[in-house]
1. Scan region A:48-73 residue by residue and report those that are within 14 Å of ligand 1 (Cβ to nearest atom) and touching a Pro at 6+ places or on another chain (Cβ under 7 Å).
2. From (1) among the aliphatic types (A, V, I, L, M); (2) open to solvent by 60 Å² or more (accessible area, probe 1.4 Å); (3) without any contact (Cβ under 8 Å) to a residue 60 or more places away in the chain, pick out the condition that doesn't hold for B:ILE50.
3. For the condition at the interface with chain B (Cβ under 9 Å from one of its Cβ atoms) and hydrophobic (A, V, I, L, M, F, W, C), what is the one hit in A:LEU96, A:LEU151?
4. So the check is Cβ under 6 Å with 6+ separation or different chains; which pairs have a first residue in region A:109-137 that's at the interface with chain B (Cβ under 8 Å from one of its Cβ atoms) and closer than 19 Å to A:GLY39 by Cα and a second one that's open to solvent by 40 Å² or more (accessible area, probe 1.4 Å) and not polar (S, T, N, Q)?
5. What number goes with the only condition from (1) within 14 Å of chain A (Cβ to nearest Cβ); (2) open to solvent by less than 20 Å² (accessible area, probe 1.4 Å) that B:PRO8 does not pass?
6. Looking at (1) under 21 Å from A:ILE4 (Cβ atoms); (2) more than 10 Å from chain B (Cβ to nearest Cβ); (3) more than 15 Å from ligand 1 (Cβ to nearest atom), find the lone condition where A:GLU76 falls short.
7. Condition first: in contact with a helix residue (DSSP H, G or I) (Cβ under 7 Å, 6 or more places away or on another chain), aliphatic (A, V, I, L, M) and either within 9 Å of another protein chain (Cβ to nearest Cβ) or open to solvent by 20 Å² or more (accessible area, probe 1.4 Å) (or both). Now tell me which residues in region A:17-63 satisfy that.
8. Could you list, in sequence order, the residues of region A:1-56 that are in contact with a Gly (Cβ under 6 Å, 6 or more places away or on another chain) and of a type in the set (Gly, Ala, Ser)?
Amino acid sequence: MTEIGLTVNGVLRAASAEPRRLLSDFLRHDLGLTGTHVGCEHGVCGCCTVLFDGEPVRSCLMFAVTAAGHEVTTVEGLGAGGMSPVQRAFQDCHGLQCGFCTPGFLCTVTALLRDNPRPSEDEVLEGISGNLCRCTGYQNIIKAVHRAADLIAEESGEADR
Amino acid sequence: MTSMFGEPIVRREDPRLITGQGRYLDDLGRDALAAAFVRSPHAHARITGIDVDDALDVDGLVAVYTWEDLPGRVGERLPLLIPHPALTHGRTAYALARDVVRHVGEPVVMVVARDRYLAEDAAERVRVTYEPLPPVVGIENAANAAERVHDDVPGNVGAHLVQQTGDADAAISAAPHVLEFRLDIERSASMPLEGRGVYARWDADDESLRVYSSTQTSTSVRMAIAARLGLSAAKVEVIAPDVGGGFGVKIMHPWPEEVLIPWAARLLGREVKWAEDRREHFISSAHERGQVQHVRVGFDDEGRLLGLDVRIQHDHGAYTPYGIIVPIITSTQLLGPYKPGVYRVEFTSLYTNTVIVTPYRGAGRPQGTFCMERTMDRIADELGLDRAAVREVNLIRPEEFPYDQGLIFQDGRPLIYDSGDYPEMLRRIKELIGWDDFGAFRAEAERNGRRVGIGLACYVEGTGVGPYEGGHVEVDSSGRVHVATGLTSQGQGHQTVFAQIVASELGVPIDDVVVTTGDTRRFRYAVGTFASRAAVMSGNAIALASRKVREKALRVAGEALEADPHDLEIVDGVVRVKGNVTASIPLRTVAVLSNPLRYAFDDATAQATQFAVGGSMDEPPLTGEPGLEGTEYYSPPRSTFASGMHAAIVETDPDTAEVRILRYAVLHDCGRLINPRIVEGQIHGGVAQGIGGALYERMVYDADGQLLNASFMDFLMPYATEIPHVETGHMETASPLNPLGIKGAGEAGVIPGSAVIAAAIEDAEGIRITRMPISPSELYHLRLEAAAGTAERTRHARSAAIP
Ligand code: FES
Ligand code: FES
C-alpha cells in the first residue's frame, strides 16, 4: 500500500492504495467520488473521463499512484456549488437519459469549450467522438455543446461589463 | 394553471445526475465484500474437476463456492420465467454450472473477498478442468443437429409454433405473382453502458434482506429471491437504484448473481456486492436479433398481398429462461401496418452454445420489420412500381380500426390494433424526406459521380402490454405529493412524466411532486419496465390514483367548507369553491383533516385532534381510510399499438463501399404525448441503436463458440460521428383503450433501422440486400459478386422515382 496525495476538485486529498489501483477505482471507492463512472475499463467508452491537470483523460487507463501530486477535476467539481454552464446546457437540451455516460461527456466538453469557445459542428463531433452514449443518439448532446458555448459567452460577456 | 400534461418541460432527475449525485449500483456499498466469478472458457464442456487450493492463499479471501455448495433451491435450475405450450423443451441453467457448461461465460465458481481486486486474484487461481464437448454454433448447425446442446433436446429444438389465419399456401399458389427468398439478421445486444450488478445486505437481528439490483424489475426479483432463499417476501426488499441503461437485458431475472449474492450475504452475515465488468457483460448477459427468415409471398398486379408465409429460425442461445417472447413478437409484429391477405407463420426456436437470447429494445420487431419491408421492396421491384405505392395499397385504413389481425400476441391476447392513421403517416413521411423529388436529387448526385439511394420502412408496435401496473399518490401535511409506482427507470424520465400527470390530474404545482420508482418498500406490486409499457401502464395507474385522491380531497374539503364537492376545484394545490376565491383550503390542510388524530405533534396535526375538530357527534370521525392518499391499478384489456415510418437517404462510396447516411426522417405516432421532449429523446436513442444494428453491431462467434469481439474495441457501437441528424414529425392518434389516450414510445426508434438502411443501400447499389448488418467490406464483396453474377441485382436497378 502506498499513500497517494493529490488535489481533487481543489481540495488536497490522500488515501492509501496498492500501486495497481486504477485512478477510477481510487476516485470512486477510496475517495467516495462516485460521479466518475466506469463503463468498459479498457479506455473506449469515455465514461471515466476526468480532467487531469486540466486535460481530459480516461481514469480507467491510469494508476492512482501516477496521479500523485497532480490536480484532478471530476464531475463533482465542475459546478462550484451549483451547475456549470455545460451542466446546465445538458439539462436544457435533454442531453442525457440514464446519465451514466454524462459525467464523462461533461468533463470532455468542459475542456473542449475552454480550448475552443465557438466550435463548429464538425469540431463538436470530433470533440465528443471518444465518448459513447447508448441512450441519447447524441443529437441532444451536440445541441447541448452549442448551448453551453452560448451560455459561457453570455456569462463572460456579463463578467466583462 | 396550465396543464403540465403535454408540456416539453426539462427533466427533474437531471440536476442530480449532472452533478455526480446519481446513485448507480456500484456507487453503493463502499465497504461491502466483493464477488468475482470464474466463468467457462469453453462453449460446451463437461466439468471434470475444480481445484480451489491455490485460491485459498490469497490474502483477503472470504469464501469460494461451487455448485456443490449451493443448498436446496439455490442449487436448483433457475426458473423458466415465461412458460408457453409451444416451448416443449425449455431448459434453464444453474446459478453455478453443474457438470456441463453450455456457453463461454457461464458462471462456474463464485469467489468472495475483501475487495474486487483480491476476488479476481483468487478467481484466477481456481483451476477448473474440462472435457470439451462439440459446440453447436450458428443457426444452420443448430438446425442440422449433428451435435446437441442439451442431450435430452432432440434436434436442438426448444420450441415450434405455427399461427395462421387461413390456407396461406393455397392463397399464394393462386396469386398472379409469387416470390420466395431468405433474409438474415445477426446478433447484437442491448449493451447499456452500466453493466448489471447486485448488492445485498442481510440484517441478522431483523432476519431480513435488502437487495439493490441494476434491474428492470425489482418487484419480480424480490419474489424470485424470496422463493430461492426460502424467505417470506415480507422479509425481502429489492431496490433498483439509478440504472445506467437497460434496453431489455435487465428485464431478464433472476440472473445467477441475483440469487447468489443475496444468498452469500445472508450466509456470511456480511454485505456483498458484484458489479459486472464489460467482458462479463458480453459473455454472460443476454444477446438478441439472430434470426433466419424464409418468405413466400403471393400478390396481385398492384402489389396487394394475397398470401404470406414466413418460416423463422430463431437462435435462442444455450438456455430459455425468458421463454420464446422474441420469436412470438417477430412472428406477429412482422405484419406492421398492412393487411397480409392470408398469413401463416412458423418459427423454430433453436439451442446453440452461445449466450442466452432475451429481448433487446425492439424485441424481435426489427427482424420482423426487416422481413416485411424487404418483402414490400421486393414486390415493388418485381412489378416495377413505386415502393411507397405498393405499401399504400396494403395499408389498413383509418376506418378499419379496431383491426383484428387474427393472431395471438405476446401477452396471450388477440392481436387487435386499437387506432392509427397509416395512410396519412405515409403521406407525411414522403413529404418530410422528399420522396417524390428524390429522382432529381439522385440525377444531380450521379452527374457528380456520387451514388445515392432512398429507403422507407414502416412498423406497428404493440406497446403497454399487461397484466397491470399500480400507482400510489399521497399528499402529506406539508402539501408535498409523494408518488410511487413499482416499475423501474433506466433513463426514461419517469420522475418527470409521472409528475406531469399528477400535477395535471390533481391540480398541484409540479415542484411539489416527488416520484419514486422501482423500490419495493414503496410499492410492492408491479410487473416491470419493458415493451414500451411504463408510460401507458404506470402513467394511467398514477392518473387513476390521482383522481381517487382528488375525489377524496374534494369530499373532505367539502365538509370543511360546507360546500358541495361538485362546486369545488383544485388549483395550485388549493381547494376552492369555483368562482369564490375566498372559500378555499390548501391541500396540505385537507391532508391533515383526512387523518383524524388523538395526538398532536405539530401545529398542523393539532388541527385534526379530537377537541379541535367539530362536526357531527353522531357520525364516526373517519369515513373510509385515513390519509389523503390513494392506490389504483391499471390493467388493460390488451396492448395499444403505436406506429411509425422511417425514411433514409444514403450515399455509398463507389470505391470504398462506405455507407454514409445523408438524411434520416421519422414519423411517429404514440398517441397523446405527455412530454414531447422526452419522446423525441427516446426516438433519437432508438434510431442510433437501429443504425448501430444496421451498419456496425454484431456478435462474432467462431466455430468453437468463442465470442471474438467481446470488448468495446471490437464490438462497434456508434459514436456521435456515426449518427446523422434525425428529423422527426409527430402524429397523436389517441388510444381508445386507456384513460390518458397514450401509447408507448420507448422502443419505436430502433425498430425499422435495418429495414430502412437496407432499402436505401439496395436502391443506391441496385444489388439485393438480404442480410444485415452490412459492413463496407461486405458491400464491397457484394459488388464483386454482383459483377460476377453470383449476387442478385434488383430488376429495376433504379427505383421508379427516376425521371
Ligand atoms: S471506463 Fe474508462 S474508457 Fe470506459
Ligand atoms: S445517457 Fe445513458 S449512456 Fe448516455
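The values are calculated or read from the model by the stated rules, or taken from the named source; none is laboratory data. Note that the coordinates shown come from a computational prediction; the quantities given were computed from them, not determined experimentally. Positions of Cβ are backbone-derived with ideal geometry, glycine not excepted, and every protein chain shown enters the neighbour counts. Side chains are part of the model used for accessible areas, which takes the heavy atoms of the whole protein and leaves out ligands, DNA and RNA. Shrake-Rupley method; radii C 1.70, N 1.55, O 1.52, S 1.80 Å.
1. Result: A:THR49, A:PHE63.
2. Among (1) among the aliphatic types (A, V, I, L, M); (2) open to solvent by 60 Å² or more (accessible area, probe 1.4 Å); (3) without any contact (Cβ under 8 Å) to a residue 60 or more places away in the chain, B:ILE50 violates only (3).
3. Exactly one of A:LEU96, A:LEU151 is at the interface with chain B (Cβ under 9 Å from one of its Cβ atoms) and hydrophobic (A, V, I, L, M, F, W, C), namely A:LEU96.
4. From residues that are at the interface with chain B (Cβ under 8 Å from one of its Cβ atoms) and closer than 19 Å to A:GLY39 by Cα, the pairs are A:SER129/B:TYR719.
5. Result: B:PRO8 passes all but (2).
6. (2)
7. A:LEU22, A:LEU33, A:VAL38, A:MET62
8. So the first thing to find is which residues in region A:1-56 are in contact with a Gly (Cβ under 6 Å, 6 or more places away or on another chain), and the list is A:9, A:14, A:35, A:45-47, A:49.
Of everything in region A:1-56, those that are in contact with a Gly (Cβ under 6 Å, 6 or more places away or on another chain) and of a type in the set (Gly, Ala, Ser) turn out to be A:ALA14, A:GLY35, A:GLY46.
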